[in-house]
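Reading through the structure tokens given below for one structure.
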Amino acid sequence: MAAKVNPLILSVVVPAHNAQVHLPSCLQALSAGDLPRDSWELIVVDDASTDTTATIAAAEADVLLHTGALARGPGYARNRGAEAASGEIVAFIDADVAVAPDCLRLMLERLSGDPSLVAVFGSYDDTPDDPAMVSRYRNLLHHYTHHQTAGYVSTFWAGCGAVRTAEFRKAGGFDEKRFPRPQIEDIELGYRLTRSGRILLDPSLQGKHFKRWSVGSMMKTDFRDRAVPWVRLLLSRERDKSVSTPSLGARALLGTAAAGSAVGAAILGIAGFGVVAWIAAVALFLLCVVLSARFYAWLWERGGPGMLFVA
């Protein structure tokens with residue numbers, strides 16, 4: 001039996017920057033959920049979009065906010081949305097994620113059923129929208145890692161997660177000054193939230209991811225926006241072992257970074273940089289295989305190599 005929902009106990013915040021391609025699917029999925037529409041409010045924060053994002057949002061949102069002429073990043077946008085939230089719980093959903101019909105209801109049930117929880121977050125589903133191999137690899141890896149690490153964690157994921165509004169504000173929200181672009185702002189927030197209670201990673205809360213990944217974007221994200229700021233976070237909290245890894249997990253993060261680096265080294269080899277580049281490519285590829293062996297075994301059990309190629 002579903003938990004009883006009080007009027008406007010939930011506020012859903014969607015940060016959006018030039019999101020006209022996927023925002024309609026995101027908002028339609030939210031409205032099509034099994035949580036009564038009059039029991040939650042939708043707040044879309046337009047982060048200086050130059051496309052039709054604001055027009056699309058205006059047709060669906062209860063509240064539409066604008067960050068100004070310059071993009072300020074998802075941390076800033078989510079904070080502005082949370083400031084306007086009237087619900088006891090605020091859910092953060094990325095503009096390129098379409099949640100499952102039961103997602104919002106399950107978020108409320110998890111948090112209302114356990115007073116010790118301050119936050120809950122979920123996972124991508126196992127049917128990524130983009131059929132390209134790199135995109136399927138990345139999204140399925142995220143799905144696999146979240147299922148393997150399910151339970152109580154000391155991190156948070158803002159792609160599909162919910163927080164008690166009072167605890168979010170008490171923690172100070174996302175660190176928008178340290179993370180002016182998409183990085184590990186949600187992971188760092190999770191560290192602070194665990195000072196007040198527990199965070200649950202529940203992979204039954206699912207959403208479909210629409211992002212298209214390339215080898216280049218994967219390398220840039222893993223090195224510049226994940227690994228480097230995560231190491232800085234660890235060094236700043238070096239005596240506190242509760243700081244968790246990014247949502248992909250340390251092995252997965254290193255594995256995808258190694259895969260991207262192997263491709264880069266192979267390109268250098270083709271370009272004539274000699275045998276050293278080819279040796280590096282082979283070594284990095286073998287490292288990727290070792291680090292991601294469990295993930296590859298999971299893919300094989302689920303359908304063999306075709307899992308990466310079949311839409």
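The values are calculated or read from the model by the stated rules, or taken from the named source; none is laboratory data. Nothing here was measured: the structure is a model prediction, and the numbers come from that model. All Cβ positions, even for glycine, are placed from backbone atoms using ideal geometry, and neighbour counts span all protein chains on display. Protein only, heavy atoms only, side chains kept; ligands, DNA and RNA dropped before computing areas. Shrake-Rupley method; radii C 1.70, N 1.55, O 1.52, S 1.80 Å.
Heavy atoms of the protein chains alone define the surface here; on that basis the stretch 1-77 has 47 Å² accessible area per residue at 1.4 Å probe size. Using 0.36 nm per residue and subtracting the Cα-Cα separation, the extra length available between Thr52 and Ser25 on full extension is 8.3 nm.
Could you calculate the contour length gain from Ala150 to Arg178, that is, 0.36 nm times the residue separation minus the distance between their Cα atoms, to one decimal place in nm? Let's see the in-between values first.
Values: separation 28, 0.36 × 28 = 10.08 nm, distance 2.79 nm.
Length gained between Ala150 and Arg178: 7.3 nm.
For the stretch 28-130, what is the relative contact order in percent, using Cα pairs closer than 8 Å and at least 6 residues apart in sequence?
The value is 31 percent.
What whole-number value in Å² describes the accessible area per residue of the stretch 174-221 for a 1.4 Å probe?
Values: 2010 Å² over 48 residues.
Accessible surface, normalised per residue, equals 42 Å².
Do any trypsin sites (Lys or Arg not before Pro) in the stretch 4-99 lie in a loop, going by DSSP, with at most 15 other beta-carbon atoms within 10 Å of their beta carbon, and if so which? Passing sites in the stretch 4-99 are Lys4.
Provide the gained length on full extension for the span Ala297 to Ala32, in nm with one decimal, where the gain is 0.36 nm per separating residue minus the Cα-Cα distance. Show your work: numbers first, answer last.
Working: separation 265, 0.36 × 265 = 95.40 nm, distance 3.52 nm.
Full extension from Ala297 to Ala32 adds 91.9 nm.
Restricted to Cα atoms, the stretch 48-173 shows a radius of gyration and a Dmax of 15.9, 42 angstrom.
Taken one residue at a time, the phi angles of the stretch 65-71 give Karplus couplings (6.51, -1.76, 1.60, θ = phi - 60°) of 10, 10, 8, x, 7, 10, 5 Hz. Gly and Pro are set to x. In this structure Lys170 has an accessible area near 150 Å², from a 1.4 Å probe over the protein heavy atoms. Between the C-alpha center of the stretch 168-199 and that of the stretch 80-105 there is a gap of 16 Å. Ligands, DNA and RNA left out, the accessible area of the stretch 42-126 computed with a 1.4 Å probe is 52% carbon and sulfur.
Paramagnetic label reach from Asp62 (point 7 Å along Cα→Cβ; backbone nitrogen cut-off under 15 Å): within the stretch 148-170, residues 165.
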